[in-house]
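The values are calculated or read from the model by the stated rules, or taken from the named source; none is laboratory data. Note that the coordinates shown come from a computational prediction; the quantities given were computed from them, not determined experimentally. Cβ placement follows ideal geometry from the backbone for every residue including glycine, while neighbour counts extend to all protein chains displayed.
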Amino acid sequence: MNGIGIITRIAPNMLADRVTGPLNTMIPFGVCSGIMMFAWSGVHTETSLWIFGAIYGFVAAGMQSLFPAVLASLTEDPKKVGTRMGMGFSIVSVACLTGTPLGGALIESKDGEYLYAQMWAGGSLILGSLTLVAARVAKTGWKLKVKI
């Protein structure tokens, strides 16, 4: 997943800088990552696992690399960018610390099957993407062709 993600750690950021803006670029990557988490429940063979890993690695890397740029793009005052970054990464740290034990508990509750964890991950990513849409609407209104 990390190897194939090299492409989408670079290309979406270039697209965001030149054309769409980081927030507009990150929303589709978040939705695609959520869809891939739901699709993970349909993976039953080693071949399909490799295909899933490649596609998920491709879309997740774009989302990861765009996160700091999105935080910066939502900050109007350049003096507050560092504060906004610190706050954003502090919130993400809580998810990173609690995600693994929560995932383990969900897997254990399904007797070693991953279905509950997969659905939780997919739902969380889709909800996060909807939050990004809400941030975009709060910042620009319902205008479609706005670079943010």
(request) Would you check if there is a residue in region 9-21 being β-branched (Val, Ile, Thr), surrounded by 15 or more Cβ atoms within 10 Å (Cβ to Cβ) and closer than 19 Å to residue 118 by Cα? (result) no
(request) Give the residues of region 6-34 that are under 11 Å from the mean Cα position of the chain (by Cα) and farther than 17 Å from residue 144 by Cα, sorted by residue number. (result) 29, 30, 31, 32, 33, 34
(message) Looking at 63, 36 in this structure, which one is closer than 15 Å to residue 121 by Cα and modelled with pLDDT of 95 or more?
(response) 36
(message) Can you say whether residue 70 is surrounded by 15 or more Cβ atoms within 10 Å (Cβ to Cβ), among the β-branched types (Val, Ile, Thr) and in a helix (DSSP H, G or I), as far as the supplied structure shows?
(response) yes
(message) I need the full set of residues from region 22-42 which are among the β-branched types (Val, Ile, Thr) and surrounded by fewer than 18 Cβ atoms within 10 Å (Cβ to Cβ), in order please.
(response) 35
(request) Give 95, 121 a once-over and let me know the one that is out of contact with any His (no Cβ under 9 Å at 6 or more places or on another chain), closer than 25 Å to residue 5 by Cα, assigned to a helix (DSSP H, G or I) and at pLDDT below 95. (result) 95
(request) Say whether the condition of being assigned to a helix (DSSP H, G or I) and touching a Pro at 6+ places or on another chain (Cβ under 7 Å) is met by at least one residue in region 44-64. (result) yes
(request) Confirm whether residue 61 is touching a residue at least 24 places away in the same chain (Cβ under 8 Å), surrounded by fewer than 16 Cβ atoms within 10 Å (Cβ to Cβ), out of contact with any strand residue (DSSP E or B) (no Cβ under 9 Å at 6 or more places or on another chain) and within 18 Å of residue 36 (Cβ to Cβ). (result) no
(message) I need every pair where a residue in region 109-134 that is closer than 12 Å to residue 33 by Cα has its Cβ under 7 Å from the Cβ of a residue that is among the aliphatic types (A, V, I, L, M) and at pLDDT 95 or above, sequence separation at least 6 or different chains.
(response) 118/37; 121/37; 122/37; 125/37; 126/31; 129/27; 129/31
(message) Let me confirm something: among 46, 76, which residue is exposed (fewer than 13 other Cβ atoms within 10 Å of the Cβ), at pLDDT below 95 and charged (D, E, K, R)?
(response) 76
